[in-house]
Amino acid sequence: MLPAPGHAACDPSDQYSMVDPDGNLRLRVTGRSRGQARSVVATLRRRNFIDYIYFTHFETRDPSAYETSSSRTWAHSNCSKFRQQRSGSCTEIQFAPDDFVRGPLHSNDSIWICGGATFGRSARDAIELNGKSPGYVKLGDCNPSPDFEGTVVHPAGQLGMPASNLALRDIAQEAYRFEGRTIIELAGDSMTVTRSDGSSEPMALPSNGVIYVENDVCASGYTYAQSYPANAPTGCGDVWVRGEYSGDLTIAADNDIVINGDLEREVYDSGVLLGLIANNFVRVYHPVTNPGTSNPSASNCPNKADALHNPEIHAAILALNHSFVVDNWFCGAQLGNLSVEGAIAQRYRGPVGTAGGTGYLKDYEYNDRLKFREPPYFLDPVQAAWRVARQNEQVPAND
């Protein structure tokens, strides 16, 4: 086993002396025959959430995102199950005819499709499904059939999600640990950070690429109708983030991450990667008028002027215990496409719009760099197997 960059030797008590920030582990294997030696260096990676543009554990709406307290209680008891075990009254979310999932996909559950949705870019993209054969359910009489450009794998087996991102708190340098609601505006290799007390300061991106925002005093849970900023308590470990970045970065939140503007690489074709890991929700900012109406629709709770039109997000997204979701998805006229270039992984399926024409259409495209690298210290699935990502011969051999 070869030590990771920056380490002189492998230390069994320190996994990062062996596994680099990109999630790679290197082995050198030497063989000898008739006095000749040859060495091969193999780079191994664990099977990961970011092997897919789209990953879900449960293909049903998050119980915490139901409308009322009584419906949330009922959903927690009846819907936190796979399709064959959960109640038929649980709120299901469809892939619509104009949805595009451009890359590999994995669900530990089966997916629900209203025909015509496109999955994968070519046969090389695996569409990994579980549940009752064939791994998907068609919605009513929706036609035509789904467009599987990728290769369907069923049953695909399951990937377990870790319960928390707390390990990242200890990796983050002290200056890059924040408490309570934190606003981050990225600008290339620097950022402006506004703390929960309202003070702001410019900072360089962290040298090890990790930012962690933890709860101070936070008794608040997810709110179905988002009315900014009244329901955003300053004591909760929420990160509001937007801007452009030019360095590898992972932002982790004890509570939620709110994307409140375009979030892009400064140079589009650069190789830098951004990870967003929330213990709870990763949310897209969507301000509307009167979000608490009893009859939400495009007209009854219209978009506000600063709602995001065709937002662009370049990131690997992981919502460990809840969902990637658009706030107030049930309100306001449609705002175009929600474009994510990277990867999305979530415990529950998060809605981004409705068939009635609110919110966004999905335009998700995989960043193929994630096959070989990951944002700094990105979290792996529980008990995921290692696989060979690449190998090369070492010359001269290791005698």
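Globularity index of region 101-148 is 1.10 (Cα radius of gyration / 2.2 N^0.38 Å, N = number of residues). Each Lys or Arg adds one and each Asp or Glu takes one away; over the other residues whose Cβ falls under 11 Å from the Cβ of Val29, this sums to +2. With 0.36 nm allotted per residue and the present C-alpha distance subtracted, the Asn300-Ser227 stretch has 24.8 nm of extension available. Checking Cβ-Cβ separations below 4.7 Å across the chain identifies Cys10 as cysteines lacking any candidate disulfide partner. Counting only protein heavy atoms and using a 1.4 Å probe, the accessible area of Leu25 comes to about 20 Å². Rounded to the nearest 500, the helix-only mean residue ellipticity at 222 nm of the chain stands at -1000 deg cm²/dmol, with each DSSP H run of n ≥ 4 adding -39,500 (n - 2.57). Between Arg46 and Arg387, the built amide H atoms are under 5 Å apart, and every one of these is 5 or more places off in sequence or on another chain.
Under 8 Å for C-alpha pairs, at least 6 residues apart: give me the relative contact order for region 33-89, rounded to a whole percent.
For region 33-89, the relative contact order is 24 percent.
Just how large is the dipole of the chain about the Cα centre, in debye to the nearest 20, putting +1 at every Lys and Arg Cβ and -1 at every Asp and Glu Cβ? Dipole of the chain, to the nearest 20 debye: 1440 debye. Rolling a 1.4 Å probe over the protein chains gives Ser190 an accessible area of about 40 Å². For region 142-264, relative contact order (Cα pairs under 8 Å, six or more residues apart, normalised by length) works out to 27 percent. Rounded, prolate or oblate: which fits the chain, taking a ≥ b ≥ c as square roots of the Cα gyration tensor eigenvalues, rounded meaning a/c under 1.5, else prolate when a/b beats b/c? Since a/c reaches 1.5 but b/c is at least a/b, the shape of the chain is classed as oblate. Its Cα centre serving as origin, region 116-181 has a Cβ charge dipole (Lys and Arg +1, Asp and Glu -1) of approximately 80 debye. Within region 232-336, the chymotrypsin sites (Phe, Trp or Tyr not before Pro) that combine a DSSP coil assignment with at most 16 other C-beta atoms in a 10 angstrom radius are Tyr268.
When Cys236, Cys10 are compared by accessible area at a 1.4 angstrom probe, the order from most to least is Cys10, Cys236.
For the chain, the longest piece that avoids every one of the trypsin sites (Lys or Arg not before Pro) found in DSSP loops with at most 12 other C-beta atoms within 10 Å covers 125-399. Note that the chain presents 42 Å² accessible area per residue, ligands and nucleic acids not counted, probe 1.4 Å. Rounded to the nearest 20 debye, the dipole magnitude of region 317-373 is 240 debye, with +1 charges on Lys and Arg beta carbons, -1 on Asp and Glu beta carbons, and the Cα centre as origin. As a fraction of the 1.4 Å probe accessible area of the chain, surface on carbon and sulfur atoms comes out at 48 percent. Relative to the longest principal axis of the Cα atoms of the chain, helix 69-78 runs at roughly 50 degrees.
The values are calculated or read from the model by the stated rules, or taken from the named source; none is laboratory data. None of these values were measured; they are calculated from a predicted model. A quick note on method: Cβ atoms are made from the backbone with ideal geometry, for glycine too, and the neighbour counts reach across all protein chains shown. These accessible areas exclude ligands, DNA and RNA; they are computed on the full protein's heavy atoms, side chains included. Shrake-Rupley method; radii C 1.70, N 1.55, O 1.52, S 1.80 Å.
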